[in-house]
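Undergrad: Handing you this structure, nothing more for now.
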Amino acid sequence: MDQTLVAIIACTPSGVIGLDGGMPWKLGIDLRRFKSLTMAGTLIMGRKTFDSIGKPLPGRESIVLSRSAPGTEMETPHLHWAESLDQVKSVAESLARPAYVVGGAEIYKLFFPFCTEIWLTRVWSAVQGDTRIDLPLDDFALFELSRHPQTDRDSVPTEFQKWRRKNSVPKM
């Protein structure tokens, strides 16, 4: 991918990112941050992540990578289906917007080698989950950090971290 590709992830220190198709925490601060960071961008996600959201998010384009993209019965404004990395790349480049990988675990794993940055919400919890991820942070350097305490709108304390790749990104 010739454009910048950023992974946006919320996970616990043990790598939990989900439970039963959703997130096992309540983080209003993270949802507001996600909206402000991705507005006017392109979200790249898998089918399960799209199904958990239920619709394209306002003000953004969505590309859903799925082995079985639906036919014309699923034509929806701002929603694009792709069956391969090449199709994702083609659609993302045609949209000419910042692109963000937003899940789930298999999609992150597939796109990490092409990401220039990881924007991580570190969820300080030992919550159990059924979806985990191994972050390739050894390939990245931390360049921004802010801490946020637990509030009545947030079930746990968090940190917002931004990581930048240390070396050049291979082409998709």
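The values are calculated or read from the model by the stated rules, or taken from the named source; none is laboratory data. Model, not experiment: these values are computed from the prediction. All Cβ positions, even for glycine, are placed from backbone atoms using ideal geometry, and neighbour counts span all protein chains on display.
Undergrad: Please enumerate the residues belonging to segment 126-154 that are buried (at least 17 other Cβ atoms within 10 Å of the Cβ), more than 23 Å from Leu43 (Cα to Cα) and not charged (D, E, K, R).
TA: Gly129, His148
Undergrad: Taking segment 140-157 as the region of interest, how many residues are out of contact with any helix residue (DSSP H, G or I) (no Cβ under 6 Å at 6 or more places or on another chain) and either modelled with pLDDT of 95 or more or within 15 Å of Ala10 (Cβ to Cβ) (or both)?
TA: The number of residues fulfilling the criteria is 12.
Undergrad: I've got another one for you. Of the residues that make up segment 71-92, is at least one touching a Lys or Arg at 6+ places or on another chain (Cβ under 9 Å) and of a type in the set (Val, Ile, Thr)?
TA: yes
Undergrad: Taking Val123, is it buried (at least 18 other Cβ atoms within 10 Å of the Cβ) and either of a type in the set (D, E, K, R) or out of contact with any helix residue (DSSP H, G or I) (no Cβ under 7 Å at 6 or more places or on another chain) (or both)?
TA: Yes, satisfied.
Undergrad: Identify the residue in segment 9-42 that is exposed (fewer than 14 other Cβ atoms within 10 Å of the Cβ) and in contact with a helix residue (DSSP H, G or I) (Cβ under 7 Å, 6 or more places away or on another chain) and, among all such residues, is nearest to Ala82 (Cα to Cα).
TA: Within segment 9-42, the match that is nearest to Ala82 (Cα to Cα) is Gly21.
Undergrad: Sort out which residues of segment 84-117 are under 16 Å from the mean Cα position of the chain (by Cα) and of a type in the set (Val, Ile, Thr), and write them in order of number.
TA: Correct list: Val88, Val101, Val102, Ile107, Thr116.
Undergrad: Within segment 53-70, work out how many residues are touching a strand residue (DSSP E or B) at 6+ places or on another chain (Cβ under 9 Å) and either exposed (fewer than 14 other Cβ atoms within 10 Å of the Cβ) or modelled with pLDDT of 90 or more (or both).
TA: Within segment 53-70, residues that are touching a strand residue (DSSP E or B) at 6+ places or on another chain (Cβ under 9 Å) and either exposed (fewer than 14 other Cβ atoms within 10 Å of the Cβ) or modelled with pLDDT of 90 or more (or both) number 12.
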